[in-house]
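Presented below is the structure to which this report refers.
The values are calculated or read from the model by the stated rules, or taken from the named source; none is laboratory data. These figures come from a predicted structure and were not determined experimentally. Positions of Cβ are generated from backbone atoms using ideal geometry, with glycine treated the same way; all protein chains shown enter the neighbour counts.
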Amino acid sequence: MNRMLFDKACTMLDASGAPLELWAEAILAAAYIRNRLPLQALDGKTPHEAWYGQKPSIQHLRKWGCKAYRHINKKTGRKKLHKKSMMGFLVGYQPGKIYGIYHPGTKEFKISRDVIFSENQFFDTREVTGNVEDILPSGDEIEHESNHEAEPELVAESGDEAPSATTHRVLPQSSQLGVPGA
């Protein structure tokens, strides 16, 4: 279960471009979503339904990490000409159509039910630094590695360092050859 939640959280972080510091919120959101999906072990019921006895609503779910505009309530001291909303990003859910919003400028988390979402815009704050050549091997290296793997290796039978007249070949494993089921 932990690995499954971690894998879902990594996918959510990657897809949205969210900073890695939000990994805990991504795992909590993945658990929230997972508890609202049917399981074969529960005969098609969701864990939420098995625990509470009623089907959960999923109409309030939005894309994790999307841009969100949280309403600023007048009770906070907002004046007539002040901003009425604050831009942030969706990072969590709570029961009752309540959302967790992260504001990157202030690095604060706010809880609100008065939110407008823009599900086509995301964090996109992470960038790959360095050159592509530093990350991916060149074409020559790939060809050399693939040719090296395909060549059988000579192994001495008697344990000598140098191959003698009695040598045999060690063939690549069937998984390296692409043979299914072998």
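Checking the stretch 10-20 against the condition returns no match, with no residue being touching a His at 6+ places or on another chain (Cβ under 8 Å) and crowded, with 16+ Cβ neighbours inside 10 Å. From the list Gly88, Gly53, Gly77, the lone residue that is assigned by TED's automatic domain parsing to the domain that holds Ile111, at pLDDT 90 or above and at positive phi is Gly53. Of all residues in the stretch 107-121, those that are among the acidic types (Asp, Glu) and not in a strand (DSSP E or B) total 1.
Does the stretch 91-106 contain at least one residue that is in contact with a Cys (Cβ under 7 Å, 6 or more places away or on another chain), in the same structural domain as Lys45 (by TED's automatic domain parsing) and within 20 Å of Ala18 (Cα to Cα)? No, the stretch 91-106 has no match at all. Within the stretch 112-125, residues that are small (Gly, Ala, Ser) sit with their Cβ atoms under 7 Å from residues that are in a strand (DSSP E or B) and modelled with pLDDT of 90 or more, at 6+ positions apart or across chains, in these pairs: Ser112/Arg70; Ser112/His71; Ser112/Tyr99; Ser112/Ile101; Ser118/Cys66; Ser118/Lys67. Checked across the stretch 137-149, the condition of being in the same structural domain as Glu25 (by TED's automatic domain parsing), in a loop (DSSP other than H, G, I, E, B) and either at pLDDT below 75 or out of contact with any Ser or Thr (no Cβ under 9 Å at 6 or more places or on another chain) (or both) holds for no residue.
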